[in-house]
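Data block below; observations after.
The values are calculated or read from the model by the stated rules, or taken from the named source; none is laboratory data. Note that the coordinates shown come from a computational prediction; the quantities given were computed from them, not determined experimentally. Methodologically, a virtual Cβ is constructed for each residue, glycine included, from the backbone with ideal geometry; neighbour enumeration extends over all protein chains shown. Just so you know, the surface numbers come from the protein's heavy atoms only, side chains and all, with ligands and any DNA or RNA stripped out. Shrake-Rupley method; radii C 1.70, N 1.55, O 1.52, S 1.80 Å.
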Amino acid sequence: MADIATIARPYAEALFASATANDLAPWAKQLEDLSALFENGELLALVNNPKLSSTDMVKLVEKLLKSKPNEAFLNFLNLLANNHRLIVLPEISKQFSAMKNKSEGAAEAIITSAFPIEGNALNSLLTGLKKHFGGKDLRPTIMVDPELIGGVRVQVGDQVLDGSIKARLAQMQTNLSA
């Protein structure tokens, strides 16, 4: 099977191209909700069930959504169902969000820390990171990983800044063993 990202790209691009400025946020949210649904093994089994028609599958997915999709979004779901591509919804969501963020001058930032970061500490970190990443508004996702010992690891797109104690210790080990 072709790479999932390759399969999802034309669908994400088509959905993004057909969206109005008012559609971007609700559609991104609905795609996120669908992504979460399609991580469920039982729903994946239903998608792959040949006895379930694409119309029935779309009706089921529509009922599972938290907010009622508009007609254009439903047409998109029908297209995916008819082409047996509902399974790539998580990747479509990821690519659609990236396009939305790019159009808004923003980026997703995955911030991993040894301890929870909140309030002023998070705002201060984001201000510094914004300067580093060319003034983009960063939309953070905070993850906690005690193995980092201290510091933070930040991933924005394919760029990674690792200021964790764990990374510094690994670098020291490399330097000492050379």
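Observations
- Restricting segment 133-152 to residues that are out of contact with any helix residue (DSSP H, G or I) (no Cβ under 9 Å at 6 or more places or on another chain) and at pLDDT below 90 leaves a set whose member that is nearest to I117 (Cα to Cα) is F133.
- Across segment 45-71, the number of residues qualifying as outside any loop (DSSP other than H, G, I, E, B), open to solvent by 50 Å² or more (accessible area, probe 1.4 Å) and of a type in the set (A, V, I, L, M, F, W, C) comes to 4.
- Residues in segment 136-178 that are basic (K, R) and assigned to a strand (DSSP E or B): R139, R153.
- When residues in segment 101-132 are screened for being outside any helix (DSSP H, G or I) and over 26 Å from A17 (Cα atoms), 9 of them pass.
- Subset of segment 20-45 (residues that are closer than 19 Å to R85 by Cβ and in contact (Cβ under 8 Å) with a residue 24 or more places away in the chain): W27, A28, Q30, L31, E32, D33, L34, S35, L37, F38, E39, L44
- Cross-chain or 6+ apart pairs with Cβ under 7 Å, segment 156-178 first and at positive phi, then outside any loop (DSSP other than H, G, I, E, B) and modelled with pLDDT under 95: G157/A107
- Residue-level analysis places K66 among those that are in contact (Cβ under 8 Å) with a residue 24 or more places away in the chain, on the phi < 0 side of the Ramachandran plot and not hydrophobic (A, V, I, L, M, F, W, C).
- In this entry, L80 is excluded by the filter for residues that are of a type in the set (A, V, I, L, M) and surrounded by fewer than 16 Cβ atoms within 10 Å (Cβ to Cβ).
- Annotation: of all residues in segment 85-109 being of a type in the set (V, I, T) and at pLDDT below 95, the one that is most open to solvent (accessible area, probe 1.4 Å) is I87.
- Single residue of segment 119-163 satisfying the filter (surrounded by 14 or more Cβ atoms within 10 Å (Cβ to Cβ) and basic (K, R)) that is nearest to the chain's Cα centre (by Cα): R139
- A single member of K29, K63 is under 30 Å from D158 (Cβ atoms) and of a type in the set (K, R), and it is K29.
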